[in-house]
Amino acid sequence: MRALPPGSRMAKGLERRLDLKFTKMQGLGNDYVYVNCFEETVKKPELVAKRISDRHFGVGADGLILICPSKQADCRMEMYNADGSRGAMCGNGIRCVAKYAYETGLVGKADMAVETDSGVRHVRCRPENGRVHLVEVDMGIPAVGEQETFVWEGRKLLFTPVDMGNPHAVFFGSPPELPAILDFGPVVEKSSRFPDGVNVEAIQVEDGRTLSMRVWERGSGETMACGTGACASFAAAKTMGFVGNAGVVRLLGGDLEISWAGSGEPLFMTGPAVEVFRGEVLL
């Protein structure tokens, strides 16, 4: 194939096309495309999120997360769902932000503060030989509401509303009393009860310290895991007396460790953060 002459009209046109450097990371299979905005600039991130998240025509992800400078913390996380909508907080995402910031030297310490749209979250990396595999996050104080009823196809389903910096509707039960998350999740997400949408969790209580969870994420559909969802579900379960102060939430992508002393106290989440690959995408 003949190379384009330098300075030719076509060569200049190609130079104007933007190559965006990114890192693909995942926490329990909840995968995002991360961009270092200390070095890169992303214009119209809501459009970039939709394109880059497409699993057939893009990189493939549950969304886009920008790692940016912050005036009040060590760095700032901007999160966009796969449909381009802005997310206030992402539990799996913030662990990967901390891993990236520590390993690349953006933040020169294992304990760091990350600014989110839900406020500043304090994060502790657990490095081994310079690499971070586990991250603990102070997820803030859960706001657990009273149980409510949601009517789905004539059936009355009980749920607990929980605010973890983003909204959650936590449903407890096992089939057949609780329908499949793929069936009722999108209906709850778009219902008039939640004008801004909601994350939906279907929870089975395995024992006094173990929950099994499926999740329908607002703006992304069913995902392998949801960190804020796991925290919301554990907070709801403890409030209802199903679990104690510490336990495990089992998701499709693996397990998260949760500890919470109870009402008015911060909740802590610990889980993995994994780099998948790095690359450049043509926008």
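The values are calculated or read from the model by the stated rules, or taken from the named source; none is laboratory data. For clarity, every value in this text was computed on a predicted model and none was experimentally measured. Every residue, glycine as well, gets a Cβ built from its backbone with ideal geometry; the counts of neighbours run over all protein chains shown. Calculation scope for accessible area: heavy atoms of the full protein, side chains included, ligands and nucleic acids excluded. Shrake-Rupley method; radii C 1.70, N 1.55, O 1.52, S 1.80 Å.
Assorted remarks:
- All lysines inside 28 Å of residue 238 as judged from Cα atoms, apart from same-chain residues fewer than 8 positions distant: 156, 190
- Counting only protein heavy atoms and a probe of 1.4 Å, the accessible surface of segment 227-283 is 52% carbon and sulfur.
- In this Cβ point-charge picture (+1 for Lys and Arg, -1 for Asp and Glu), segment 10-160 has a dipole of about 460 debye about its Cα centre.
- Overall, the ratio between the Cα radius of gyration of segment 35-192 and 2.2 N^0.38 Å, rounded to two decimals, is 1.21.
- Solvent exposure of the chain as accessible area per residue, Å², 1.4 Å probe: 47
- Antiparallel bridge percentage (DSSP; both residues within segment 70-206; nearest 5): 80
- Against the chain, whose longest principal axis is taken from its Cα atoms, helix 227-239 shows a tilt of about 10°.
- For the pair residue 133 and residue 39, label points projected 7 Å from Cα toward Cβ lie 2.6 nm apart.
- Cβ crowding within 10 Å averaged over residues, with 147-158, 89-100 ranked highest first: 89-100, 147-158
- Computed helical MRE - 222 nm, the chain, DSSP H runs ≥ 4 contributing -39500 (n - 2.57), nearest 500: -5500 deg cm²/dmol
- At R0 = 30 Å, FRET efficiency that the Cβ-Cβ distance of residue 278 and residue 124 yields, to 0.05: 0.75
- Rounded to whole Å, the principal axis extents of the Cα atoms in the chain read 70, 44, 31, largest first.
- Listed peptides 267-276, 73-82 by packing density, highest first (mean Cβ within 10 Å): 73-82, 267-276
- Each label was represented as a point 7 Å from its Cα along the Cα-to-Cβ direction; for residue 246 and residue 117 these points are 3.4 nm apart.
- FRET E, pair residue 103, residue 18, Förster distance 30 Å, beta-carbon r, rounded to 0.05: 0.75
- Between helix 91-104 and the chain there is an angle of about 40 degrees, using the helix long axis and the longest principal axis of the Cα atoms.
- DSSP-defined antiparallel bridges as percent of all bridges, segment 16-85, nearest 5: 75
- Proximal charge balance of residue 92 [Cβ under 10 Å; K/R count +1, D/E count -1]: -1
- Within-14-Å neighbourhood charge of residue 261 [Cβ basis; K, R +1; D, E -1]: -1
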